[in-house]
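Data block below; observations after.
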Amino acid sequence: MFSGRVLATYRAVISSYWFLPLTLILGGVLLAIGLTLLDQFVGEGLLPQDLLLGPTTPEGARTLLSTIGGSMLSVAGVVFSVTLATIVFASGQYGPHVLPQYQRDRQAQATLGLMLAAFAYCTTALFTVQAGEKDFVPALAILGALALAAAAIGMLIAFIAHMLAMLHISNIVARIAEQTLHLLDDEMPLNPPRDAAASGTGRKTEFLTGEGDPLLCGEGRGYISTIGTQKLVELAKEHDLQADILVRPGDFVTPLSVLARLTPALPDEEAQTALRHAFAWGRRRTPDEDVAFTLDELCTIAFRALSPGINDPFTATDVLRHLTAIIERASSGKCRQSIHSDEEGVPRIRRPVLSFGDVVRLTLDRLATDAARNPTVAPIMLEVYDDLLIRLSDEDHRERLLRSAETFAKACADQLSTEGKRQDIAEAMARLRRRAASERGAGTLRISRLEEGVGP
């Protein structure tokens, strides 16, 4: 099993802005070589050139390939410039946390890669054109260049439409929310394995180690991006260890930070180094395993929208609507197993896991103070609490939400400037308490809410 650092390096390479373009460039070179060789083997007798819609003279072939290649290189510069301009605008308008959404954008990478691949294709094919005693015009390669040019034009049109859509804040919020829901599928699966239920939620489960057991410290500084759990299980089995992992993806560590607590004793230096290599950290947080990072992205957009300098309550409302879906999904799933055992069933590793309370704390609790100051967003915030209390069936989750709503109502009473607004929030909170205490079904509660005239 790969270590955490190998997994982190693989993910960084796959998601980098250069990987897909470089892959397409190499593909363009290989395609040009392959079509040229096919031209040589097929010959003029089997593949008439008048069927290929290409020039039949070396001079015409060179002109066509040079024109297409030069045009593609120029358009690639335009694509890169548009991407940079979009990134600068988005980071200034919505905050630097949204940069990964653009850096990992596959359509922008594919568009740039296709332009550069067409340039590399034409350059490679250009070298095969021969004039002299025996002319050689790679007809198939020329037809391929025309096809690549047509595909590049279509991709450019799609790219412009895509970047215009990416500038709309609702699309960015929806994209981050979808990424968060995808991460929750791993953190809180809807149908966890049977042995996951026996391993607890990561909070109530007993620790595998005890007070005074040796600690494994880090060797660098940065944000945890990946934890190779299976690699840790293999190493723990190999050295007959049990370990409690004390960090999560997204935590900042230093050389003195404790990564894990081990029992019965620390292994040798070589084994300690192998254990540390199961943890990967870097200069910035990544959304690969860090659900809190994507939640931070959403909250950053909401905070900026609620700031007095911007005052965009509708963007904040959009974020709250998507947070409703995220919290609802978190309540529907089950916490990922915290205890990881080896093939023989011996518990080896305990990892902290994300809970429903963590999701509420990182979203609604965090936004409560800023939302309470805004008379437009405050009623929407209570509406979010109301919707969730109607939909959720888990009593512990409903109790946690109700505590959060009570805190928010107190913040509104302290920060709203007008008595009328404070009275509206107090009445809405009273209705919310009544519905929270009701044992009626979600459909009946929603009908009662409509009868009260407080919206859908």
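General remarks:
- Folded to 0 to 90 degrees: helix 442-451 orientation relative to the chain principal axis, Cα: 80 degrees
- When you restrict to C-alpha pairs under 8 Å that are six or more residues apart and normalise by the size of the chain, the relative contact order lands at 16 percent.
- Stokes-Einstein diffusion coefficient of the chain, Kirkwood radius over Cα pairs, 20 °C, 1.002 mPa s, in µm²/s: 82 µm²/s
- Reported value for region 4-167: 119 Å³ per residue, from the convex hull of its C-alpha atoms.
- Among residues other than Val253 with Cβ under 14 Å from its Cβ, the summed charge is +4 (Lys and Arg +1, Asp and Glu -1).
- Cross-link reach is defined here as a Cα-Cα straight distance under 17 Å, omitting same-chain residues fewer than 8 places apart; for Lys421 the lysines meeting it are Lys410.
- Ellipsoid fit via the Cα gyration tensor, region 311-420: semi-axes of 34, 13, 13 Å, each the root of five times an eigenvalue, largest first.
- Neighbour-limited loop hits for trypsin sites (Lys or Arg not before Pro), region 248-320 (at most 13 other Cβ within 10 Å; DSSP other than H, G, I, E, B): Arg283, Arg284
- Scaling against 2.2 N^0.38 Å puts the C-alpha radius of gyration of region 203-282 at 1.02.
- Electrostatic bookkeeping for Pro189 treats Lys and Arg as +1 and Asp and Glu as -1; over the other residues with beta carbon under 9 Å from its beta carbon, the sum is -1.
- In the chain, a dipole from Cβ-located charges (positive for Lys and Arg, negative for Asp and Glu) runs towards its positive end, and of Cys122, Leu382, Phe252 it is Leu382 whose Cα lies farthest in that direction.
- Counted over the chain, the DSSP beta bridges are approximately 90% antiparallel.
- Distance between the 7 Å Cα→Cβ label points at Ser307 and Ser66: 5.2 nm.
- Among the GluC sites (Glu not before Pro) in region 338-389, those located in a DSSP loop and surrounded by at most 16 other Cβ atoms within 10 Å of their own Cβ are Glu343, Glu344.
- Under the criterion of Cα pairs below 8 Å and six or more residues apart, the relative contact order for region 220-274 equals 41 percent.
- Which of Lys410, Lys231 has the fewest Cβ neighbours within 10 Å, and the rest in rising order: Lys410, Lys231
- Along its three principal directions, the equivalent ellipsoid of region 260-330 from the Cα gyration tensor extends over semi-axes of 41, 15, 9 Å, largest first.
- Total charge dipole magnitude, region 203-282, about the Cα centre, Cβ charges on Lys, Arg, Asp, Glu only, Debye to nearest 20: 440 debye
- Farthest positive-ward along region 4-167 dipole, Cα basis, beta-carbon charges - from Gly113, Tyr94, Gly144: Tyr94
- Nearest 10 degrees, 0 to 90: helix 106-128 Cα axis against the chain principal axis: 20 degrees
- Sequentially through region 73-78, phi angles give Karplus couplings (6.51, -1.76, 1.60; θ = phi - 60°) of 5, 5, 5, 4, x, 5 Hz, Gly and Pro residues having no value and appearing as x.
- Straight-line cross-link reach from Lys334 at under 23 Å between alpha-carbon atoms covers these lysines, not counting any fewer than eight positions away in the same chain: Lys204.
- Cut-off under 5 Å, modelled amide H: who pairs with Asp342 long-range: Arg348
Every number in this text was worked out from the coordinates using simple rules, so none of it is lab data. Just so we're clear, the structure is a prediction, and the values are computed from it rather than from any experiment. We place every Cβ from the backbone using ideal geometry, glycine too, and count neighbours over all the protein chains shown.
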